[in-house]
Every structure is written in structure tokens, then in C-alpha cells.
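Each remark here refers to the structure printed beneath this line.
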Amino acid sequence: MLDALRSRLFCQGFRTGKFPPAAPSLPDGFRGRPILSGGACPATCARCMETCPTGAIVMTEGKRPSLDTGKCLFCGKCAQICPEKAVSFSATEYRLGGFTREELIAVPEESYLPAIQKDEAIRKIAGRSLKIRQISAGGCAACELDFNVLNTLAWDMGRFGIQAVASPRHADAVLITGPVTHNMQLALQKCYDAMPHPCWVIACGSCAVSGGLYADAPTTARLPEGMHVDLFVPGCPPHPATLLEALLRFMGRTPEAQA
Amino acid sequence: MNLFSVIKNQTSIRRADLPRLSVEEFRQAVLDKVQSGSTRVMDFFAEGRTLYAVLGDANAHAFLLTSCEINQEYPSLTADAPAFHWFERELWEQNHIRPVGHPFLKPIRFSEGVPGVTNYFTPAGDNLHEVAVGPIHAGVIEPGHFRFQCLGETVLNLEIELGYQHRGIAAMLAGGPDRKTEFLIETAAGDTSAAAMTAYSMIAEALGMAPLPTAGALRLRRVAMELERIANHVGDLGALAGDVAFLPTASFCGRIRGEYLNMTASLCGNRFGRNLIRPGDRSGAVLDAKQAQKLIDWIARIKPELDNALTLLFDAPSALDRLENTGVVSTETARLLGGVGVAGRASALVLDARNDFPFATYRKIPRIEVGSGDVMARALVRRSELEESHKLLLEDLRAVENMTENVPDAPLKSPQPDSIAIGCVEAWRGELFHAALTDGQGKFSTYRIVDPSFHNWYLLSMALRGEEISNFPICNKSFNLSYCGHDL
């Protein structure tokens, strides 16, 4: 007992991060929201599209690239390979979550401002307390681990009223990781059916958002009937700061007014 | 007549040079080797109607390969060498080949049918009861279905049904390599990305897709793999502490694990080492002297905090009492079932792919003198490996002069046709075995991934026999096996 106290006081200390409201500390080489340049690409060049493992980049009219962060693995290959330097990744814009699929698509010269929850009912019910039942449905364990990390003292999501719960009966939201395999579809359906309404669906990571690498796999099923996603969080896996920030915005809490 | 082709790690042979035995010769040759204890089963699979066996000979630092043609069925090996039992179930499920005489033939990942709906081992008796758990578990963890047959509090048998995570990775890898291949490998088990990419890179190099890596690139692989090992071992020890309600270590380790993930992220931008390792000298990382010094200083700061957190746990008799003599797997059981890695070493098996099939820059990892086979032993193996990993890591970082300056993707060449290549590494859970078979056009006709969990899931069942059901969480955590790495 005394040893534990001594450890806490003199060695381990207080380690909960200052984020939010302070900016999160992101690693060198962090790849955040893609930045696309507006100039039209040469008519014959499609190197980014040919390289992208998930088909996240497409050329819109006028040969301007657009990048779907919901499919993106953030490998950065497109940026590396583009001779025109038309694609790069922000080293600081970690706020990637969106309430619609459209918000996830980066286009040239956008003025990106992540949306805050407008739905009054969600703000009222979930604004100060969001209980989450996480379901891994073909996840590779990375999304799961980095959601778990929000529970550690370094991130301590509990201080915002966010908690992972065991029973779907106690949950406000289900957080799905993985592309939803056929073999997990029924379990996911049963879990969702057991949740009291209103309840919400969070798709965490590129697999859950779009199928990602596994979008075309014959083992990949769709979301069970009646489920539609209320919050999309891109990444492979999403950085803990990206996920936490998205959850807070979903609850209607701006990063500046967290406490 | 040669019964086996003998090849080293990270090399390939032509398919034509592989012995083709009769079923009887094949069976005898393989059983002789495995029963004598001189080799262990690395892989056992079929392509079409050809059976392949890959055995590992630790003394010769080599793999023994052989094959035979079969029809729909062949006499099962499991009764004579139990380490084949899971492989034969896989063979039956994936290739519809029947190992005749297998004691309990049923699917391992339910690529057809409904997962979990199968025969269960059901003892009869008035006072028995059955506890079914999952696929969805209480915590934030991958899905699997566990059935406990209990007499009062005592577990008579635990059956583990997996397959919920089945994403069809093997089918997607066949026909490659293509632009998805490297990413599929990295996400086969997302907590083992660096080790998996190292194994794939070794295969790519063995098949002539990329030049052999420079010393710098090899060092980077070891740095990435040891960081991965440290992060996961720290997380596991913290989680074990949490499961016995020893919260200080659980809390401290949860944060400290993140520090090591962030070290990996500081190299490549991703906490799980995605894009960090690539065949040849390609890499998504910058590791120069400045970066190395930054990591050395970082470790110097964190390591004492880790030691402090672990000392608290290992000095607390009340916590240790829960770990000792819990979930024992005997050496004999572990050997017969082909246990590997942390769990294997905890049951006094002498195996480590870093010693047995040398790769990258690994030389002689000291043997760990722990062998009681209980939860405590699995914890102590991790603690001791943490020390060794730090040593290797610092050795590498101090040797960094200048390396891997973000070499842009040089296109890979097409793999050498009609060949078989092997890449085996010691991932943090245990040995991770990759094998690629190429066709005449230089495409993968089969790409095998054998995760250490594939060998070890049944060990968890054995650990529960005679155990109180309330000890399941710490037993499970002490193995911490991968569901997706198994289900693929």
C-alpha cells in the first residue's frame, strides 16, 4: 500500500494528458486530413489511383483528385508517388470524424471545419454521458486497442462521461470496428436489438466506415438491417485523439468547452 | 531417397525439387521426425490435392519440407502426433480433405456454415452445468465463443470456437502480390504488424522481389519488432494486474504501453508500425542518428517507470498468490500440442524463432529459466523478455549512423515462379510463420500465415482443466491470443 503511494507520488506522477482542450501531442510523421491542391492533374496521370490499396482517391471532373478518408489507410503512398505534389497529408489536422459520409471526402482547396452535433436530442441525452458497447466485427485489434487506450489514465475518457459498458442494455451507442464479417453479422444484430432506444452507431476505422481493405471480400457483410451510422471515424486505426475528439463532437461538446 | 528438402529461413526452393512421397512414406517420415522430438510442426496444409508439411529443426536451424499427393482422404496424424490436430481440422474445413481417424473433426473458423453451431464435447451427469460465453465478450476485445463444462466451480473442459473474425485473408492473398498485399499482411493481426511485415519481406526477398536489405534496414526491422514486443508485453502485464484487481500496476502500465506505441509512431506516424517495414530497403520510416538519440533518451526516461510499475506487482504477495499455480500447462502437454512463444517457454519448452531460425540481426537470445507453466510463469517470461528487448533495442539504436531515408517505393519485381519460400519470425506472442507458393506466372498460388495463436489456443483450453471458472480471465489474459490472426 505504502509502496503504491510512493510510486504514484515520486515516480509515476499525474499523467493524464492536457488534451482537450490543449492540442494533442501527435507523432512526427502523423498523417491527418489530406490536403489536395486545386490545379488540374495531367490528363494521362493516374498514379495515385493505381497505387491506392483501397481506391480512396478518385478524379472528379476536370481531373481534380478527391480523397475519401473513410476508405483511406493513411499510408501516404499517394503523396509519395504524385509527381505533381497534388496530395499531401496535414501533420496537425487530426479532427477527422464526421456525421455523414460526405464530410469525410477531402477535396481541393476546401475550408475544412469539423461539424459539431446539431441534433438537440443527442446533445440532451448524450451530451454529458455516453455509454458505449464496442463490437469487434472482423477488426484486426488495432482499432480495439486504441479505443481501449482512451480508458487508460493517459486519456481518461471517463472524465467526459464516456464509458465502455459490457451490456448492450446499458449502452447509448455501439462502436463497431472491422468490416462486419458474415460470421459476426448476427451477433451484431442481436446486440443492437438489445439496446434501448434512442441509440446510435459509431463506425470506427476505415474497415467499419467503408469496408476498407475488405470492402470487396466475399466474407464482408453489410450492417444488419435497421442500423445506420451516426458517427464515422476514419483511420487505420484512428489515433486516440481523433477518436476522442470525434466522440466529444458527437456529444455536442466543442474542444474548447470540454470541462 | 530424400524424404525432406532442407531450407533455411528467408530462402526458397523450386517446387520441382521438393520430394513427392507416397502417403505412407509421407506419414512415416513426418511422424518419425515429430515423435523423436527433434522437430516441431511449423505448417501443414494442402494446395489442390497435394499435402505439404513444414517441420522446424531448431538444432539444424532449418526447415524440413516434404509433400505427397492424396485423394479425398488420408489417415490422420493427430492420434500419433497431437500437434497436427488443429492443422488437420483446418485442412478438412478449407480443402475438404478428410484426415480419417481424427478424434474431433470440426471447423476452426466457419468459413461455411454458422459460427459456433457445431458439436460440443458434452459430458453427461446430473450435477454438471454448461456456461456459454460470447462471441461478444464483456470487455473491448475480439469475438470468440467459449463453452465451459463445469462441475460446481470446477471446469472440466473448455471448448473454444473461433471464426467470427474470418475475413478471408488467405483467399485475398492468393493471386497476388498486388497493391493490397502488404496491407493485408499488416492487418492479419493488427497488433503484430511489424513482425508480419518482416516475415513477408523475408519471403519477398527470398523470391527475388526485392534486393536483400542493408544492415540499416535489418536494424530497423529489429527495432520495430522489439518495440512491438515491449508495448504488448507491458500491456499484458498491466492487464494481468488489472484482472487480479491490482490497480496501480494496471494503471501505470496502461499509460507506459502508450509511450512505446508512441515511439513506434515517432518513426512512421502510426502507433502500430503500419508502413514501417517493407521488402528490401523500402521503408516508411526515417531513422537517423538524431531520431535514434531521441528514442534512447525517451527509453531512459520511461524504463525506470516501467521497472517501478512491475516491481510493485511482483513484490505484492497478494497479487502473486493469484498468479501462482493458476492455469498450469505441463511441459508435456505444451510439447505434444505444439505450443510456441511466451506460453511455450513458460511451460519450459526451449524454443524461440530468433535462436532456432536466425533472421534479421538476431543472435543468441538467452534462455529463460522459467517453466512452471502457470499464469505466473507466463508473466515472468514477459518480464524477462522485456529486459532482453530493451537491451536489443538500445544496442540497435546506439549503432544507428544513418539509414533508411524514406526510400520511395521502388517497384517490386515479380516473384520467382514455381517456388516455395519461407519467412519465420519470433513475433511477440511467439513464432509467426509465413510461406508463399508461387505458380508458373510468378503469382502467389497459396500464401500461408500461421499465427502463434494458431498453435496456442488449445493450450488455453488445457490451462482451464480442473481450474475454477473464475480464474478464466487471468488465464486468458496470460495467453492473450489473437482472434483475427487465427481466423484470418
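Some points to look at:
- Filter pass, B:A292 being among the hydrophobic types (A, V, I, L, M, F, W, C) and more than 22 Å from A:T152 (Cβ to Cβ): yes
- Answer residue from segment B:130-165, given it is farther than 14 Å from B:P115 by Cβ and among the small types (G, A, S) and is farthest from the other protein chains (Cβ to nearest Cβ) among those: B:G152
- The listed residue being under 18 Å from the mean Cα position of the chain (by Cα), within 28 Å of B:I230 (Cα to Cα) and either outside the structural domain of B:I422 (by TED's automatic domain parsing) or of a type in the set (K, R) (or both), out of B:I203, B:I169, B:I108, B:I185: B:I169
- Segment A:209-227, subset modelled with pLDDT of 95 or more and away from chain B (no Cβ under 13 Å), residue surrounded by the most Cβ atoms within 10 Å (Cβ to Cβ): A:V209
- Conditions (1) crowded, with 21+ Cβ neighbours inside 10 Å; (2) within 13 Å of chain B (Cβ to nearest Cβ); number of the one not met by A:L186: (1)
- Residues satisfying the stated conditions in segment A:91-111, i.e. under 16 Å from the mean Cα position of the chain (by Cα), in a loop (DSSP other than H, G, I, E, B) and within 24 Å of A:A23 (Cβ to Cβ): A:T92, A:E93, A:Y94, A:R95, A:L96, A:G97, A:F99
- Tally of residues being farther than 13 Å from B:T249 by Cα and of a type in the set (S, T, N, Q) across segment A:2-30: 2
- A:L73 part of a loop (DSSP other than H, G, I, E, B), under 14 Å from the mean Cα position of the chain (by Cα), of a type in the set (A, V, I, L, M, F, W, C) and not assigned by TED's automatic domain parsing to the domain that holds A:D172: yes
- You will find that of A:P224, A:P218, the residue that is over 21 Å from B:K180 (Cβ atoms) and out of contact with any strand residue (DSSP E or B) (no Cβ under 6 Å at 6 or more places or on another chain) is A:P224 and no other.
- Considering segment A:154-194, and only residues there that are part of a helix (DSSP H, G or I) and among the aromatic types (F, W, Y), the residue that is farthest from A:L244 (Cα to Cα) turns out to be A:Y192.
- When B:A196, B:A231, B:A210 are checked against the criterion of being more than 22 Å from A:N151 (Cβ to Cβ), touching a Leu at 6+ places or on another chain (Cβ under 8 Å) and within 14 Å of chain A (Cβ to nearest Cβ), a single residue qualifies: B:A196.
For (1) over 15 Å from B:E186 (Cβ atoms); (2) more than 10 Å from every other protein chain (Cβ to nearest Cβ), each residue gets a yes or a no:
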| residue | (1), (2) |
| --- | --- |
| B:N262 | yes, no |
| B:G284 | no, no |
| B:W298 | yes, yes |
| B:I302 | yes, yes |
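- Within the set A:A22, A:A43, the sole residue that is farther than 30 Å from A:R249 by Cβ, away from chain B (no Cβ under 14 Å) and assigned to a loop (DSSP other than H, G, I, E, B) turns out to be A:A43.
The values are calculated or read from the model by the stated rules, or taken from the named source; none is laboratory data. The shown structure was predicted, so the numbers you read here are calculated from the model rather than taken from an experiment. Heads up, the Cβs are rebuilt from the backbone with ideal geometry, glycines too, and the neighbour counts pull from every protein chain shown.
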